[in-house]
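**Q** Okay, handing you the structure first.
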Amino acid sequence: WGDWAGGRMTRAEVDDYLEIIDDNLQWPEPMKSYMMASLREWGYADTGKEFMMLNMMRYHDELLDYPGAIDGFEGTPKEANYTYELGTKEIILGQGGYPAAWGEVVLGRNVARADGSAANTDWNRVGFARYPNRRGFFRLMADPEYGKQSAYKLMGAHTNLIPMEPEWVVPDLRIITGLLLLILFFAIAWVRALRRH
């Protein structure tokens, strides 16, 4: 975790990745140009630190048809997005990333603001993925299998990606409790073994 993938990317490295990503992603315009420009700016400003990516998804009313979409897929937009999520898990894990939290929005589309007016959240699904650094994300997008799977995402949902460098992350207390109990178990076993000898 952390610097396992080499720390900060150089501008030349970002450009090399972007060339591969450009060939890899068969996305419609102007979406692709916007994504490539955003990736270039974000890559050039690389800090080498871990980050989390907030994914906010809004399902299309019907499957988006564009050149490069998956022919013959007959599911719903929600099913297309789910196919993408299943198809990219191993690729994300292979780059040191992992989905930290993922789920359907349960408040509905309209929530109340502090002043009492309605705010349209307009999102159906939200997720946080954690990555060791930006290089891991660039490697993800440069993976040929990711290029294939991303078509399901585009067919099924409009997605906003918002990267952030976490200032603090509270670990899951169940994991900490489990580790403490495991340490206690081995400590008791060790003490009992010493008493027998």
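**Q** Lysine pairs in the chain with Cα distance under 22 Å, only those 8 or more apart or on different chains: how many are there?
**A** 9
**Q** Where in the range 6-96 are there chymotrypsin sites (Phe, Trp or Tyr not before Pro) that are in a DSSP coil and have at most 15 other Cβ atoms within 10 angstrom of their Cβ?
**A** Details: sites: Tyr17, Tyr34, Trp42, Tyr44, Phe51, Tyr59, Phe73, Tyr82, Tyr84; in loops: Phe73.
Here the chymotrypsin sites (Phe, Trp or Tyr not before Pro) that fit, given the DSSP loop and packing criteria, are Phe73.
**Q** In nm, to one decimal, how far is the modelled label at Tyr44 from the one at Val126, with both set 7 Å along Cα→Cβ?
**A** About 3.2 nm, to one decimal.
**Q** Determine the calculated [θ] at 222 nm for the chain from helices alone, applying -39500 (n - 2.57) to every DSSP H run no shorter than 4 residues and normalising by the residue count; nearest 500 deg cm²/dmol.
**A** Numbers: 6 runs with 92 residues, N = 197.
Computed mean residue ellipticity for the chain: -15500 deg cm²/dmol.
**Q** Using only Cα positions of the range 13-115, each an equal point scatterer, no hydration layer, compute I(q)/I(0) via Debye at q = 0.16, 0.20 Å⁻¹ and quote the log10 values to two decimals.
**A** Log10 I(q)/I(0), no solvent term: -1.05, -1.42.
**Q** Would you work out the relative contact order for the chain, in percent, from Cα pairs under 8 angstrom that are 6 or more residues apart?
**A** Values: 281 pairs, mean separation 67.6, N = 197.
Value for the chain: 34 percent.
**Q** While we're looking at this one, here's another question. When the chain is fully extended, how far beyond the present Cα-Cα distance does Leu182 get from Leu194, taking 0.36 nm per residue of separation?
**A** Numbers: separation 12, 0.36 × 12 = 4.32 nm, distance 1.85 nm.
So the chain would gain 2.5 nm between Leu182 and Leu194.
**Q** If you don't mind, another one. One quarter of the convex hull surface, Cα atoms only: what value does that give for the chain in nm²? It would help to have the intermediate numbers written out before the result.
**A** Numbers: hull surface 66.7 nm².
Taking a quarter of the hull surface, the average projection is 16.7 nm².
**Q** In the chain, which whole DSSP H runs stretch at least 30 Å along their own axis (Cα) and average 0.5 or higher on the Kyte-Doolittle scale? Numbers along the way, then the final one.
**A** Values: long enough: 173-196 (35 Å, 1.66).
What comes out of the filter, once short or polar helices are dropped, is 173-196.
**Q** For Glu104 and Asp23 in the same chain, what is the full-extension length gain: residue separation times 0.36 nm, less their Cα-Cα distance, in nm?
**A** Details: separation 81, 0.36 × 81 = 29.16 nm, distance 3.20 nm.
Residue separation times 0.36 nm, minus the Cα-Cα distance, leaves 26.0 nm.
Readers should treat all values here as calculations from the given coordinates under stated rules, not as data from a laboratory. None of these values were measured; they are calculated from a predicted model. Every residue, glycine as well, gets a Cβ built from its backbone with ideal geometry; the counts of neighbours run over all protein chains shown.
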